[in-house]
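Chemist: Pasting a structure below so you can have a look.
Just so you know, all these numbers are worked out from the coordinates, no wet-lab data involved. Note that the coordinates shown come from a computational prediction; the quantities given were computed from them, not determined experimentally. Neighbour counts run over all protein chains shown; Cβ positions are idealised from the backbone, glycine included.
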Amino acid sequence: MLAAVVMLTAALSSWKAEIESRGVAVVVAEARQSAGGGLAVAPDTPHLDLLAPYLGSQDFAREFALMEASMVFQRAPGREVAFVLLNGDRRAEWESRQEALIAHEFGHAWIKAEKYPAPVYVSGGPHACLAIHTGDITQHVLIRREMERRGIEYRRSWLEQLEKVIPVRETAPPPPEEDRCARAQLAAEWVDVKLALKPGEWPAQARYEAAARRYMPEVASTVERIADYVRRHDLSDRGQHREALKAVFEMLKDLVYYRAKEFRVYGTLKRKRAAG
Ligand SMILES: [Zn+2]
């Protein structure tokens, strides 16, 4: 049986109240895979009618299975609702850092409630992936700042997660070339690392970056370019935020469609090798 109420810490409760004061209801619910191939939440979850299309979608259920939590924003006449869904099937993985996990999704809901410009989302295909990671890169800058202001600790568990992927990327073959989204996904994660940490703050940073470079070398120059762009702009300014969305989207698109600098070098080497 799924609990309808997820207990929130004081810091989360006050953040939720602030988002709701902007006219956006916040519903935190635990969701699990259901026998029918979709997702299930507690039957008394508020605004369930707005969430139903997501719960019934097998595509969404498949994506959600890979995540620990997700924020779904829905609008209807007279109602705006941010659903923060926690993946109950992975509870053991996130339970010990529940506050940071929920806070991150509250951050995305807060940015919606503050009416920051958002990337245009075209469902399905590589453009959906580009929109998601473009939004993450720009929004995470603001979310990190806000979590720090509210005294919500997120760094320890975030860095622990990253430390787990280092040994994998030190040896694993790169994802298949047709998995275009993998490059944007790594770029977004790596940009977060570049922007969030002060020099020397994370002892494993050099090893993390070396592993990422080994795993997908073509991503490195895009990460530098995006991080450099974001550092030079104030993303809390809505005009600059909108410009940043366009700029980051274009840089990720170049990467996903293999026009990054390293990829050209890479391609040349491969051709030479094939010819010789
Ligand atoms: Zn995020």
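Chemist: Using amide H atoms built in the peptide plane, which far-off residues or other-chain residues are under 5 Å from ALA69 H to H?
Modeler: When sequence neighbours closer than 5 places are left aside, the close amide H contacts are ASN87.
Chemist: State the number of lysine pairs found in the chain whose Cα atoms come within less than 26 Å, restricting to pairs 8 or more positions apart or on distinct chains.
Modeler: 17
Chemist: Additional query: Would you mind ranking GLU148, GLU177, GLU105 so that the residue whose beta carbon has the fewest other beta carbons within 10 Å leads the list?
Modeler: The most exposed by this proxy come first: GLU177, GLU148, GLU105.
Chemist: On C-alpha positions alone, give me the angle between the axis of helix 205-215 and the longest principal axis of the chain, in degrees, nearest 10.
Modeler: That works out to roughly 70 degrees.
Chemist: Next up: Counting other beta carbons within 10 Å of each residue's own, what order do LEU197, LEU85, LEU12 fall into, fewest first?
Modeler: With the fewest neighbours first, LEU197, LEU85, LEU12 line up as LEU197, LEU12, LEU85.
Chemist: Would you mind getting the Kirkwood hydrodynamic radius of the chain from its Cα pairs, rounded to one decimal in Å?
Modeler: With all distinct Cα pairs of the chain included, I get 20.1 Å.
Chemist: Report the net charge of residues surrounding ASP192, where surrounding means a beta-carbon distance below 12 angstrom and charges are Lys +1, Arg +1, Asp -1, Glu -1.
Modeler: That works out to +1.
Chemist: Next question. Hey, fewest Cβ within 10 Å first, where do TYR208, TYR258 land in order?
Modeler: Exposure proxy ranking, most exposed first: TYR258, TYR208.
Chemist: When all alpha-carbon pairs of region 2-130 are counted, what percent fall beyond 22 Å?
Modeler: 35 percent
Chemist: Taking H as built 1.01 Å from N, whose amide H comes closer than 5 Å to the amide H of VAL26, not counting residues under 5 places away?
Modeler: Excluding prolines and chain starts, which carry no amide H, the hits are ALA82.
Chemist: Cα atoms only, region 116-276: Rg and Dmax in Å?
Modeler: Cα only, region 116-276: 16.4, 60 Å (Rg, Dmax).
Chemist: I would also like to ask the following. How about region 214-256: which trypsin sites (Lys or Arg not before Pro) there lie in a loop by DSSP and see at most 14 other Cβ atoms within 10 Å?
Modeler: Here the trypsin sites (Lys or Arg not before Pro) that fit, given the DSSP loop and packing criteria, are ARG232.
Chemist: Next question, about the same structure. Rounded to whole Å, give me the distance from the Cα center of region 75-132 to that of region 187-222.
Modeler: 24 Å
Chemist: Right, next: What does the charge add up to near ALA40, with Lys and Arg as +1, Asp and Glu as -1, over the other residues with Cβ less than 11 Å from its Cβ?
Modeler: Charge balance in the 11 Å sphere: -1.
Chemist: Pairing the Cα long axis of helix 10-20 with the longest principal axis of the chain, what angle in degrees results, from 0 to 90 and rounded to the nearest 10?
Modeler: 80 degrees
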